[in-house]
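Trainee: Let me give you the structure first, and then I'll get to my questions.
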Amino acid sequence: MSTAKSSKVPTSRFGRLGRLASLAGRVAGGMLAEGARQLAQGQKPRLQQMLLTPANAQRLTTQLAQMRGAAMKLGQLLSMDAGDLLPAELSVILAQLRAHGSPMLPAQLASLLQQQWGLDWQRQFSHFAFQPIAAASIGQVHQANHDRGSALAVKIQYPGIAASIDSDVDNVATLLKISGLLPQGIALEPLLAEAKHQLHKEADYQQEAAYLLRYRQHLADDHRFLLPILYPELSTRQILTMSFVAGVPVEALVFEPQALRDQVMSLLFLLLFKEIFEFRLVQTDPNFANYRFNLQTGQLVLLDFGACRDYSDRVSAGYRQLFQALLQQDRELQLQSLQQIGYFSVEINPAQQQAVMDLVSLAAEPLTPEIYDFARSDLPQKMRDAGMKLSMQLQYWHTPPVDALFLHRKMAGLFLLAKTLKARVALQQILRPFIDRPD
């Protein structure tokens, strides 16, 4: 259950811009105070030290969490996708947004429900809990019981979120740029454009409902996975009503036996390969909250289909070829595969190209023929060091193709979950059937 303090979601463009302007002013005030403190101690103030004080960190996290929507989501997106480029302190601040959201005020919630369902909306339920069980960037989730008795999970979008996406993304990006925290050479524009596109999709709950139905069709005969049932008659563009699916948070399995942890991560990696090579449809959000586990039935529960992305046959085939090249250590085939996926579409020098290929090869470390022990892996640190070398020494602010960016974000999230669960997985064994068979 969400325990965050409720607050009114600002809905107007000027109201949301005012929140950011107010935040910028308070951060600037905090900078001046910190600079004066350092000068009084005989120290020469540094910009990042003045910006990244604990008080400013709390201001940034609290304000973006209260604004919700794209302001909060962009912070989440940057924390996942640009973590290797951002200062460690800012990454920590933004990472807090992945788990924190403030629920809307009850009066605002009641008004939204009347607008979406009509004045007599309560007649459809025998019970509706106004206290949300979860609150995130785009919406919050409530438990309810249908008037016919079925247990429901009702996902309700914050008011005004869809209309504020473009301006929120632009305003937060401006705030980050003028802060001086982002490297001068980083090209944010492609990421920002794609963030807007993705967020508009996530804010359309009818689109998410369609993705849920597609996943239920793809996994209809695989009883290892458990998905909610859609209630279309109780769903709108801003409300998504599904059956309530019981399960424990997937990260809580860290206390379960090793065999169960290994089984769950093997299932998640199997699902990823099915998504890439069979469904050509990938749920790209790596948030742990999207997965739960039903200890009674032994099924992996899949939740939240807002961040799904279709992949073309060409990109899917490119990844099949890339995995083949990595297992065979075939550099020429690896280069061809990356080009087919969309890498190197602009000319870069040979040293930069080789560095990118080395980075991709490094990321393939878990594809060892043996069982890979995620708990003992130092791959994230090695990837971070290699990424910093690429950007700092070779002056290459690398922005992957958009399809790759979202897919690699999902892969990184699964790696992090596997490390959290201290899982041991024979990853190459799971992958082989997908890349060895003809298309």
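Trainee: Cβ-Cβ below 7 Å, separation at least six or inter-chain, first residue in the stretch 108-122 and more than 14 Å from Y158 (Cβ to Cβ), second open to solvent by less than 80 Å² (accessible area, probe 1.4 Å) and not in a loop (DSSP other than H, G, I, E, B): which pairs?
Mentor: Going by the 7 Å Cβ cut-off, the qualifying pairs are Q114/W121; W121/L113; Q122/F128.
Trainee: Residue by residue through the stretch 420-436, note down the ones that are at pLDDT 95 or above, open to solvent by 30 Å² or more (accessible area, probe 1.4 Å) and under 19 Å from P249 (Cα atoms).
Mentor: Correct list: K422 only.
Trainee: In this structure, is S111 open to solvent by 60 Å² or more (accessible area, probe 1.4 Å) and either assigned to a strand (DSSP E or B) or closer than 19 Å to I229 by Cα (or both)?
Mentor: So S111 fails the test.
Trainee: Determine the pairs where a residue that is without any contact (Cβ under 8 Å) to a residue 12 or more places away in the chain and closer than 19 Å to N290 by Cα, located within the stretch 246-261, has a partner that is open to solvent by 30 Å² or more (accessible area, probe 1.4 Å) and outside any helix (DSSP H, G or I) with Cβ atoms under 8 Å apart, the partner being 6 or more residues away or on another chain.
Mentor: Note: no pairs meet the criteria.
Trainee: For the stretch 118-136, how many residues are assigned to a loop (DSSP other than H, G, I, E, B) and open to solvent by 30 Å² or more (accessible area, probe 1.4 Å)?
Mentor: Adding up the residues that qualify gives 6.
Trainee: Scan the stretch 302-311 and give yes if some residue there is open to solvent by 20 Å² or more (accessible area, probe 1.4 Å), modelled with pLDDT under 95 and aliphatic (A, V, I, L, M), otherwise no.
Mentor: yes
Trainee: OK, next. Name the single residue, out of those in the stretch 177-193 being surrounded by fewer than 19 Cβ atoms within 10 Å (Cβ to Cβ) and in a helix (DSSP H, G or I), that is modelled with the highest pLDDT.
Mentor: A193
Trainee: Of all residues in the stretch 416-439, which are within 17 Å of E370 (Cβ to Cβ) and touching a Leu at 6+ places or on another chain (Cβ under 7 Å)?
Mentor: Across the stretch 416-439, the qualifying residues are L427, Q428, I430, L431.
Trainee: Kindly indicate whether S337 is in a helix (DSSP H, G or I) and closer than 16 Å to A404 by Cα.
Mentor: Yes.
The values are calculated or read from the model by the stated rules, or taken from the named source; none is laboratory data. As the structure is a prediction and not an experimental result, all values here were calculated from the model. Methodologically, a virtual Cβ is constructed for each residue, glycine included, from the backbone with ideal geometry; neighbour enumeration extends over all protein chains shown. Quick note on the areas: whole protein, heavy atoms, side chains included, nothing else; ligands and nucleic acids left out. Shrake-Rupley method; radii C 1.70, N 1.55, O 1.52, S 1.80 Å.
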